[in-house]
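Here's the structure we're looking at; comments come further down.
The values are calculated or read from the model by the stated rules, or taken from the named source; none is laboratory data. Just so it is clear, the model here is predicted, and its values are computed rather than measured. Don't worry about glycine lacking a Cβ; one is built from the backbone with ideal geometry, like all the others, and counts go over all protein chains shown.
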Amino acid sequence: MAGLVEHGQLFIGGELADPLGRDVIEVVSPHTEEVVGRVPHASRADVDRAVAVARRAFEEGAWPRTPLDERIEVVSRIKDGIAARHEEIARVISSENGSPYSWSVLAQALGAVMVWDAAIRVAREFTYEERRDGVLGPILVRREPVGVVAAVVPWNVPQFVAAAKLAPALLTGCTVVLKPSPESPLDAYLLGEIAREAGLPEGVLSILPADREVSEYLVGHPGVDKVSFTGSVSAGKRVMEVAARNLARVTLELGGKSAALVLPDADLQAAVAGIVPAAWMNNGQACVAQTRILLPRSRYDEFADAFAAAASALRVGDPLDPATQVGPLVARRQQERTLDYIRIGQEEGAKILTGGGRPDGLDRGWYVEPTLFGDVDNAMRIAREEIFGPVVCLIPYGDEAEAVRIADDSDYGLSGSVWTADVEHGIDIARRIRTGTYSVNTFSLDMLGPFGGYKNSGLGREFGPEGYGEYLEHKTIHLPAGA
C-alpha cells in the first residue's frame, strides 16, 4: 500500500454516507510510526442510523425472505471478490497491523476466502425445517434468522474474523452492523466495496469504525438482536453485561494461553517445525497461538536448544517484505506491554533463551524480538496471562499426568496441540484436555468444525453447522393429528 489512504464517508446500509460526527481515526503504521490512513470515527448517532437501516431491511426488506440459493449467489460473489483482490487486502492489513505479508496473504486474505467458502457449504447442507413426532402430536421445527447482528471484530485478523461473523449472518438472512477496530479500519472499506459490487441489497450491511465507547453503545443498542464479539476477556465480559440488558444473544470468542504438549516419543524436528510457526504466528498476536510449550524433563535440554535455535533464526523486519516472518506489534502500547512481561518473566526467575528486547537495527517501529523463556513454572504470570506478543514459554514436566495437569491448569481453554509418535495416544490426550480445539502432530483450525473456547476463552461457537446455528432462532409449530 503506497501513500496516504483517506476515506471521508461511512458505509451505511450499502452506500457511502457522510458521518454525523466530526471525529477522525488516524491509522498509524507499526513499521514506520507514520500515519498511513484516515477514516471517520463513527458516532452514536451513526450507530442509531445504521441500526435503524438494518432493522428496516430485516423487517421490511427482501433479504431475510430471499430464497437461500439467491443469498448464496450474492455471498459467493463476495467470496470471489475477496479472492480476486486478496493481495491488495493482504497489503492493506499488513500496513495497518504489522502482520507479515506472507502470513497476511495466506491467513488474513485467503483464510477469509476459506471461511466464506466453508459457510456457503454449511448453508447448502443445513436443515432449516424438519418434522418430528412429538409427544402430543406432529410438530414442525423451523430455524429462522435471529435478526439484526452487531459484529465486533479485532485488529489482529480483521478479515478472517469478519468473515466468521458476516458469512453465516448473511447466509441465514440476518442484517449486520460491522464494527472494525480503530487500528484496522482500512481493509473494512475494501470489504464494503466488494459487498456492494456483489449485489448485497440496500440496508443489509453497515460498517462503522469506532473505539470502545461507541462499540459499547452498539452492543447495548435495543435494535440489536445478536452480538458476535471477538476480543479480550475483560472486553468480552463487558459486552455480555451490556447486551444482557436487552437479552441480546451473544457469541464471545476471547483469549487463550494454549499449550503445545510434546511427549517423550515425539520427533524433535517435526515438533519444532510444527510448533514454532504456531507459537509466533502473526507476531504472537493470535488468540490460538501455542505460547506454552510443555517439554519432558528427560529430553528438555535437547528440545530447548532446538526451539531456541529456531526462534533466533526467525526473520524480523518490514511486514511488507515477503521474507519477513515476524513484524512489529500493532501499537506502541502492545510493544510496551510485551516488554513489561519480559521484565516480569525475568523477575519471576525464568531464563531468556533467545530474544528479550528490541531487534538490532530496528529503532523505529513497534518491534520486539521473538523471545523464548526457559525453565518456566506454570504459576508464573508469563505462563498464565495472555501477553499477545512474540513471547513463548518452555515448561518442563515429569510424567504424562503432570503434563496434562499443566496443560489444563489455565483460566483459558481455546486451543492446544500434542506431539507424539503414537497418533491414537495423541487423540486420547486430546480427549482429556478441556479446550475448544486441539491438534495432534499438527496445528490447524478447520472452518467446518466448531471453533470457540472453554472457560474464559469464550461462549458459543463459530464455524461449521454449530457456528452457523448461532445466527438462527428455533420455532416449534404444533400440527393437528394426521397432518
Which numbered condition Tyr438 fails, given (1) surrounded by fewer than 17 Cβ atoms within 10 Å (Cβ to Cβ); (2) free of Cβ contacts under 8 Å to residues at least 40 places away in the same chain = (1)
Has the stretch 450-465 got any residue that is surrounded by fewer than 22 Cβ atoms within 10 Å (Cβ to Cβ), among the small types (Gly, Ala, Ser) and modelled with pLDDT under 95?
-> no
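Yes/no matrix, rows are residues, columns are (1) in contact with a Gly (Cβ under 6 Å, 6 or more places away or on another chain); (2) surrounded by fewer than 21 Cβ atoms within 10 Å (Cβ to Cβ); (3) in the same structural domain as Gly317 (by TED's automatic domain parsing):
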site: Val53; (1), (2), (3): yes, no, no
site: Ser76; (1), (2), (3): no, yes, no
site: Asp80; (1), (2), (3): no, yes, no
site: Ser94; (1), (2), (3): no, no, no
site: Gly98; (1), (2), (3): yes, no, no
site: Ala112; (1), (2), (3): no, no, no
site: Trp116; (1), (2), (3): no, no, no
site: Ala123; (1), (2), (3): no, no, no
Report yes if some residue within the stretch 34-43 is touching a Gly at 6+ places or on another chain (Cβ under 8 Å) and more than 26 Å from Ala90 (Cα to Cα); otherwise report no.
-> yes
So which residues in the stretch 270-300 are small (Gly, Ala, Ser) and either buried (at least 23 other Cβ atoms within 10 Å of the Cβ) or touching a residue at least 60 places away in the same chain (Cβ under 8 Å) (or both)?
-> Ala270, Ala271, Gly274, Ala278, Ala279, Gly284, Ala286, Ala289
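Considering every residue within the stretch 382-390, establish whether at least one is in a loop (DSSP other than H, G, I, E, B), among the charged types (D, E, K, R) and closer than 18 Å to Lys455 by Cβ. Write out each step before concluding.
Step one: of the stretch 382-390, the residues in a loop (DSSP other than H, G, I, E, B) are 385-390.
Subsequent filtering for residues that are among the charged types (D, E, K, R) retains 385-386.
Still in the list and also closer than 18 Å to Lys455 by Cβ: 385-386.
So far as the stretch 382-390 goes, yes, one or more of its residues are in a loop (DSSP other than H, G, I, E, B), among the charged types (D, E, K, R) and closer than 18 Å to Lys455 by Cβ.
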Please find, among Ala286, Ala271, the residue that is more than 30 Å from Val35 (Cα to Cα) and either not polar (S, T, N, Q) or not assigned by TED's automatic domain parsing to the domain that holds Val35 (or both).
-> Ala271
Of the residues in the stretch 184-212, those that are surrounded by 21 or more Cβ atoms within 10 Å (Cβ to Cβ) and of a type in the set (D, E, K, R) come to Asp187
Taking the options Phe58, Phe11, name whichever one is part of a helix (DSSP H, G or I), among the aromatic types (Phe, Trp, Tyr) and either within 26 Å of the chain's Cα centre (by Cα) or within 19 Å of Asp225 (Cβ to Cβ) (or both).
-> Phe58
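Please enumerate the residues belonging to the stretch 357-381 that are acidic (Asp, Glu) and either surrounded by 22 or more Cβ atoms within 10 Å (Cβ to Cβ) or in a strand (DSSP E or B) (or both).
Here is the first cut: in the stretch 357-381, the residues acidic (Asp, Glu) are 360, 363, 369, 375, 377.
Selection gives Glu369 alone.
Mind checking which residues of the stretch 287-342 are assigned to a helix (DSSP H, G or I), under 13 Å from Gly355 (Cβ atoms) and not aromatic (Phe, Trp, Tyr)?
Answer for the stretch 287-342, where residues must be assigned to a helix (DSSP H, G or I), under 13 Å from Gly355 (Cβ atoms) and not aromatic (Phe, Trp, Tyr): Ala308, Ala309, Ala310, Ala311, Ser312, Thr338, Leu339, Ile342.
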Kindly check whether there is at least one residue in the stretch 382-396 that is in the same structural domain as Ala311 (by TED's automatic domain parsing), over 18 Å from Phe443 (Cβ atoms), of a type outside the set (A, V, I, L, M) and at pLDDT below 95.
-> no
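Might you let me know whether the stretch 131-144 holds any residue that is of a type in the set (Asp, Glu), surrounded by fewer than 19 Cβ atoms within 10 Å (Cβ to Cβ), within 13 Å of Thr172 (Cα to Cα) and modelled with pLDDT of 95 or more?
As a first pass, look at the stretch 131-144 and keep what is of a type in the set (Asp, Glu): 133, 144.
Subsequent filtering for residues that are surrounded by fewer than 19 Cβ atoms within 10 Å (Cβ to Cβ) retains 133, 144.
Checking which are within 13 Å of Thr172 (Cα to Cα) leaves us with 144.
Applying the additional criterion that residues be modelled with pLDDT of 95 or more yields 144.
Yes.
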